[in-house]
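As structure tokens, the structure follows; a few thoughts come after it.
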Amino acid sequence: MKTDESSRVLPFQLQFDKPVASQIKIAEWNPEKDLLAMVTEDSKILLHRFNWQRLWTIAQGRCITSLCWRPDGKAIAVGLEDGTVSLHDVENGKLLRSLKSHSTAIVCLNWLEDSHLITNDRGHMAKYEDRTPRFFPPAPRVLRMPGLVSGDSRFMEDSEDSFQELTNSSHQRFNILCSGDQDGNICFTIFGIFPIGKINIHNLTFPTACTGAEAMYRLSNASIHKVSLSKDLCRLVVMCSGDLVKVDNDSRQIHMDGDVHGLHCLALNTTIFWNRKNELHQVAQQASNIEDLTEVVRTSISVMCKQWSDAMHTFREKFNSLSSLIVDHDIDSTPQEEFLSLLGGARTSPAVHQFLVNSLCEVGVKRVSKVLYGAGKELQRIVLDHLQPAAEVIAFRMGELRGLSRWRARYYSIGLDESLLNNATEKAGMLLVQVERFMRILSSVVQQFSNFFNWLLKCIKLLMSEPSDQLLPYNSELLVIFLKFLYDQDPVRQLLEISETDYDVEIDLETLERVRELFQFGGFTDSEYLKRTLAKEFQQMELSFKEALQRPFITISGKILCEDLLPLLPLSSLQESSSSMSIPASVSYYEDSSKASLSHQTCQHQFIDYISFKIPDESFSDIENCICIVRGFMHDLECLKRGYSSLEAVLLCIPSDYQCVDLSLYKDTQIVLLLNQATTTSESTDGRMMILQASDLPFVSVSRSYKDVWRLKELKDSVAQLLVEDEKARTIPHSVIAPLAVSASRGVACVFAARKRALVYILDEDEDEASDAE
């Protein structure tokens, strides 16, 4: 065999054969650039150029279970064992966003964009202009929490520019990230940052033509292996394993006769994404930015609370010693009363004298004064640079969403509720009022502290018989107010601190009456907002916003329905526990305008699904070492209603001296196979990679009208033999392992050997010529 290959031109050009430090378990090519992302067994992400230059490495610290590129190649989504999806920048690997939509390990990711630009009602290309920059400066970034290491929060560090690009969706094509976990949950996220729907395959009921009866069925004990959204966003193919059970009229499960536990394909109807992509695009654009700015407000309040608490801790720590001195001198008084007596001209008590001259002294007053004054200035800066601009833009964007909700004909069907958004918009306005009030209170508190410290400095100078002419003056009335109401209180922290116990701000009766008059006038519906703190107001605004956005989430989730199920092959419990997750499988879609009979099925353009997988030898007693390719499943249920079937399949028998390691659907309905020579010894064997043209294979129509669930075994009499010596095949001088990483856009494949090596091949002849020219 090697002699034959040496006598002819090899079909795939080997670019390089490089060692890898650790075994690779996941590998994906960037769809737009010559970049390969790989996940090692110890859950490190490596990004390499085509020439194998490493750009960056990320150590997540958590087990990585899936990987997927954003369609434009500018970000990569990483699925983690704890149910988190993290997005990273392709340029430097920095964390852009993390979203926890799942509670268990994410086993598969699929990120797809609309294959055509969004158009308006007249057919012209529509670009959603974000009107916010017309009225506001650039949105503030999330503050870094003191002591926080980059990557610890949901957002990336402040210095990166990619975060703004991630959240600016006005120039992006509409795209959806699908994620599936091991509990059967599938989440849908627009632009990878805005959750819009969630389903559980255990809750889906569906008719299935394979049983030949008009009944409803459901999968139980199911686990997801792969999800793939069609290019027109109208269908989602889900490969999963589980038990097929019948559901009676009372929604009770009835197990069917025979073995129905196995690998199945579900066809989910997701046409809501196509039909309402314009509306969903606008809602996601506004809502995702509001979520980003909400994080800015939350972090700002947390940072301000910590900084002010630290400053007040310094003040309490210094002045608490006065209380101890009063007790030591057996004086029946409080620090406030002692200070008021001193202000009134009374003789200084021994405790106060010792505290001012020995414990506090002039240096201590200046230090505490500097700490509190600095904290006050920093809080004002945070409000002006981060909190207030974020709150203003939130209110504006909330108003934009409210305006959209009033177009009921277009937006009510996706769950945008006007009354809920009216409430959220009012809460955003109330937050702005609270911010203004906080600034006034903060300014007043800082001023009174400064007045108190000026007076203490003058007292210390007098007690020490030193001149005090150069000291700043103080206001006696403000000093009395401070000692009576602020000395042992902290109104700033009360406004900022989020506590389980509700704290009501005291409001005088006259102010409350004026607020009620405004309420009756009809300016707003909330007459109790002045009693709430800034932190509480923010909590209520965030809650109202989530409530308003929960309605579209529930509405879209309810419109994603299961249309059909195709049982692929039976699985034993032993197979399920040991090998079901490692069954080589691939799902892809190809545009085929020649199939005129199917043109009425799609939302706009014709796409045909190809589902390819290896059949385990234990599944069927009379089918061994075979690969199955199924096409036309997405629209088969609709075709059956019209009297014909679009479902076709073919079995490819691999020669007995080879085993399929992995496979991948390639461009132009081609399939790349990765094979290993079968051996009974421990000696190293050679691998083999080959390309098949799926459209040239002898597909057979699959009937689904009989009672036997597993229809694919009928293909055993029409098995096509795979010719390994085909001219589009090449021997690999290593024993190969999964995964097989194929880039349809670049025409390259990366193969991994068992001895920790990576081999990159150019698959297309035109790519070979281009490489030689370079």
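Which one of the conditions (1) assigned to a helix (DSSP H, G or I); (2) out of contact with any Gly (no Cβ under 7 Å at 6 or more places or on another chain) does residue 267 fail to meet, given that it meets all the rest?
All conditions pass for residue 267, except number (1).
Restricting the search to the stretch 565-610, which residues are over 17 Å from residue 243 (Cβ atoms) and at pLDDT 85 or above?
Passing the criteria: 583, 584, 585, 586, 587, 588, 589, 608, 609, 610.
Within the stretch 84-93, is even one residue surrounded by 22 or more Cβ atoms within 10 Å (Cβ to Cβ), within 29 Å of residue 667 (Cβ to Cβ), touching a residue at least 12 places away in the same chain (Cβ under 8 Å) and out of contact with any helix residue (DSSP H, G or I) (no Cβ under 9 Å at 6 or more places or on another chain)?
yes
Go through the stretch 462-551 and tell me which helices (runs of 4 or more DSSP H), entirely inside it, have 3 or more residues that are at pLDDT 85 or above.
Here the list reads 476-481, 491-496.
Six or more apart or on different chains, Cβ under 7 Å: which pairs go from a residue in the stretch 605-634 that's closer than 22 Å to residue 660 by Cα to one that's of a type in the set (Lys, Arg) and open to solvent by 10 Å² or more (accessible area, probe 1.4 Å)? Could you list them?
Close Cβ pairs satisfying both conditions: 609/631; 610/631; 620/713; 622/716; 623/713; 623/716; 627/614.
Just to be sure I understand the filter: pairs with C-beta atoms under 8 Å, separated by 6 or more residues or on different chains, first member in the stretch 55-73 and within 18 Å of residue 29 (Cβ to Cβ), second member hydroxyl-bearing (Ser, Thr, Tyr). Which pairs pass?
Listed by first residue and then by second, the contacts come to 64/43; 66/179.
For the stretch 400-418, which positions are buried (at least 17 other Cβ atoms within 10 Å of the Cβ), among the charged types (D, E, K, R) and outside any helix (DSSP H, G or I)?
Scanning the stretch 400-418 gives a single hit, 417.
Please identify the pairs in which a residue from the stretch 645-663 that is more than 23 Å from residue 711 (Cα to Cα) and hydroxyl-bearing (Ser, Thr, Tyr) has its Cβ atom under 8 Å from the Cβ atom of a residue that is open to solvent by 10 Å² or more (accessible area, probe 1.4 Å) and assigned to a strand (DSSP E or B), counting only partners at least 6 apart or on another chain.
658/676; 658/677
Each row is one residue, and each column tells you yes or no for (1) farther than 30 Å from residue 547 by Cα; (2) at pLDDT below 95; (3) open to solvent by 30 Å² or more (accessible area, probe 1.4 Å); (4) not in a helix (DSSP H, G or I).
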{"position": "359", "(1), (2), (3), (4)": "yes, yes, yes, no"}
{"position": "377", "(1), (2), (3), (4)": "yes, no, yes, no"}
{"position": "380", "(1), (2), (3), (4)": "yes, no, yes, no"}
{"position": "383", "(1), (2), (3), (4)": "no, no, no, no"}
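Write out, first by first residue and then by second, each pair whose Cβ atoms fall under 7 Å of each other, whose residues are 6+ apart or on separate chains, and whose first residue, in the stretch 104-116, is under 27 Å from residue 278 (Cα atoms) while the second is of a type in the set (Asp, Glu).
115/232
Restricting to the stretch 182-199, what's the tally of residues that are at pLDDT below 95 and surrounded by fewer than 21 Cβ atoms within 10 Å (Cβ to Cβ)?
Of the residues in that region, 2 qualify.
Criterion first (touching a Cys at 6+ places or on another chain (Cβ under 8 Å), assigned to a strand (DSSP E or B), open to solvent by less than 30 Å² (accessible area, probe 1.4 Å) and aliphatic (A, V, I, L, M)) does residue 27 satisfy it?
Against the criterion (touching a Cys at 6+ places or on another chain (Cβ under 8 Å), assigned to a strand (DSSP E or B), open to solvent by less than 30 Å² (accessible area, probe 1.4 Å) and aliphatic (A, V, I, L, M)), residue 27 qualifies.
Counting only residues that are in contact with a His (Cβ under 8 Å, 6 or more places away or on another chain), farther than 21 Å from residue 670 by Cα and part of a strand (DSSP E or B), how many does the stretch 745-762 have?
Total meeting the criteria: 2.
Would you be able to say whether some residue in the stretch 320-328 is free of Cβ contacts under 8 Å to residues at least 24 places away in the same chain, on the phi < 0 side of the Ramachandran plot, among the charged types (D, E, K, R) and buried (at least 20 other Cβ atoms within 10 Å of the Cβ)?
No, the stretch 320-328 contains no residue that is free of Cβ contacts under 8 Å to residues at least 24 places away in the same chain, on the phi < 0 side of the Ramachandran plot, among the charged types (D, E, K, R) and buried (at least 20 other Cβ atoms within 10 Å of the Cβ).
Here are 317, 295, 337: which of them is of a type in the set (Asp, Glu) and touching a residue at least 40 places away in the same chain (Cβ under 8 Å)?
The unique qualifying residue is 295.
Residues in the stretch 419-431: is at least one open to solvent by 30 Å² or more (accessible area, probe 1.4 Å), over 30 Å from residue 341 (Cβ atoms) and of a type in the set (Ser, Thr, Tyr)?
Looking through the stretch 419-431, at least one residue is open to solvent by 30 Å² or more (accessible area, probe 1.4 Å), over 30 Å from residue 341 (Cβ atoms) and of a type in the set (Ser, Thr, Tyr).
Would you please name the residue that is nearest to residue 293 (Cα to Cα), looking only at residues in the stretch 116-138 that are at pLDDT 70 or above and open to solvent by less than 40 Å² (accessible area, probe 1.4 Å)?
132
Out of the helices (runs of 4 or more DSSP H) lying entirely within the stretch 271-353, which hold 3 or more residues that are of a type in the set (Ser, Thr, Tyr), at pLDDT 90 or above and under 33 Å from the mean Cα position of the chain (by Cα)?
277-328
The values are calculated or read from the model by the stated rules, or taken from the named source; none is laboratory data. Values in this document were obtained by computation on a predicted structure and should not be read as measured data. As a convention, Cβ positions derive from the backbone with ideal geometry for all residues, glycine included, and neighbour counts pool all protein chains shown. Ligands, DNA and RNA are excluded from the accessible area calculation, which covers all protein heavy atoms including side chains. Shrake-Rupley method; radii C 1.70, N 1.55, O 1.52, S 1.80 Å.
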